Structure formats: C-alpha cells, structure tokens
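Here the structure comes first, spelled out in structure tokens, and everything after it is commentary.
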Amino acid sequence: MCKKECGHDSDDGEDNKSAAMRYIIMAAVALIIIGLTVLIMWAVLRPKKPTFLLQDATLYAFNLTNSNLFLTTTLQVTLSSRNPNRRVGIDYTRLGIYASYRNQQITLATELPQGYLGTKDVTMWSPFLYGETVPVSPNLVQAVGQDLAAGVVIVNVKVYGRVRWKVGSWLSGKYHLAVNCPAYLRSAAGGGGGGGLVAVGGGAGVKYQFDHGCNVEVSA
C-alpha cells in the first residue's frame, strides 16, 4: 500500500516539474518572438530622431551684478521640433529647457509641454528662461568680460527629457533626449558696454533671428 502511494506521489511530482518546464519554455519562446518582432519592426521602420530648430531669442538681461560675483540672465526663445518619420510617431515626456554659458547653467530649468508628435508634424515652444543673480566663478567672469568686449556672447539653449517611438498602439521604451542649440547674441553697440548686453528700447529686449538647426542626441 505504501509503495503504491509513494509511487503515485512521485509521478505527481514529475508531472508538476514537466508542466513547470513547459510553462518556462513557452514563456521563453514568447519573449523571443516579441523581441524578434520588435527588432524586425525597428529594422523595417528605421525611426529617425526628431529635429530641433532655434528660430529666435529675445534677450532682456545678461549682466554681471554685485561686484561681478553674480550673473543675471533673462531671455525668451522660440524653437520648434519636427518629426521626420513617415510611419513612426514621437512621444515626448518630461521635457525641460534651460540656458547655459560656457558649460555652466545660468537659468533655471523651465518645463515644456509634453505630448505626441505625429508623422511629419511640427510643434513650437516660446518659453522664458530666468536666471536671477546666479553665482559665477572668477574664470567665467573673465570670459564674460572678454565676450562682451568682442561684442558677441554664445549662449547654449539646452533641452532635455525622454522620448518614445509609437507605431499604432505599440510604444517603445523611453530614451534620453539631449538637445543643444547655440545662440549667438551680438551687442547692439558692437561692444560690451560695461557689465553686460543691455536691452534696447526701455527694457523691450533685443531680438535675434537664427533659424538654424540644433544638435540632437538620443540614447538609451
């Protein structure tokens, strides 16, 4: 009697192991099929990264203050993004923008509206960027003085965030987006005028037209 029961328990254990192994194999095959499908879709569609265009910038302040220990910057930029793909949509998430000068962030990050960009679609933003009395190093103070004396300051407008590709109801994983748009800001007087680029027209600001492309990097 004991031998029969023990043998029956052993058979049940073997059946359970076989069933578990079948489930594992089925799950592995399903994952492989999904992975191959994604790779094939990616190879066939070949999604291109979005393009960004800096169209203009209006500078209201770029001045050293408080014994040249702090930099105050105020500007408004207009930039656009285009989806160059014919079959693949682009989904933007967590977008932000700020201004940088000689690799130092000089304004607070401003959030940009996130959303979906359809095939061949274009979207546009016109955010204000503010940096009130930002501490700067002595080397940066010297660089500001040299650039102002030369009559041109290069401010980099940078966009960061996450991007996903969309085909029908399928969404890819999130990728890191990094955009760099150099803005060449020239002094209206052709030279630095003391502590900064001074707005013309009673604080109305100086508008610069660019309409040139930006460097775009998309990484995992």
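Assorted remarks:
- Long-range neighbours under 7 Å by Cβ, at least six apart or interchain, first residue touching a residue at least 12 places away in the same chain (Cβ under 8 Å) and within 14 Å of T73 (Cα to Cα) within segment 139-161, second open to solvent by less than 10 Å² (accessible area, probe 1.4 Å) and of a type in the set (S, T, N, Q): N156/S100
- Residues in segment 71-85 that are among the hydroxyl-bearing types (S, T, Y) and under 18 Å from the mean Cα position of the chain (by Cα) were compared, and the one that is surrounded by the fewest Cβ atoms within 10 Å (Cβ to Cβ) is S80.
- Listed conditions (1) in contact (Cβ under 8 Å) with a residue 60 or more places away in the chain; (2) within 23 Å of the chain's Cα centre (by Cα) are all met by V136, apart from (2).
The values are calculated or read from the model by the stated rules, or taken from the named source; none is laboratory data. Note that the structure is predicted; figures quoted are calculated from it, not measured. When we count neighbours, we look across all protein chains shown, and the Cβ atoms used for this are built from the backbone with ideal geometry, even at glycine. Remember, those area values only see protein heavy atoms, side chains included, never the ligands or the DNA or RNA. Shrake-Rupley method; radii C 1.70, N 1.55, O 1.52, S 1.80 Å.
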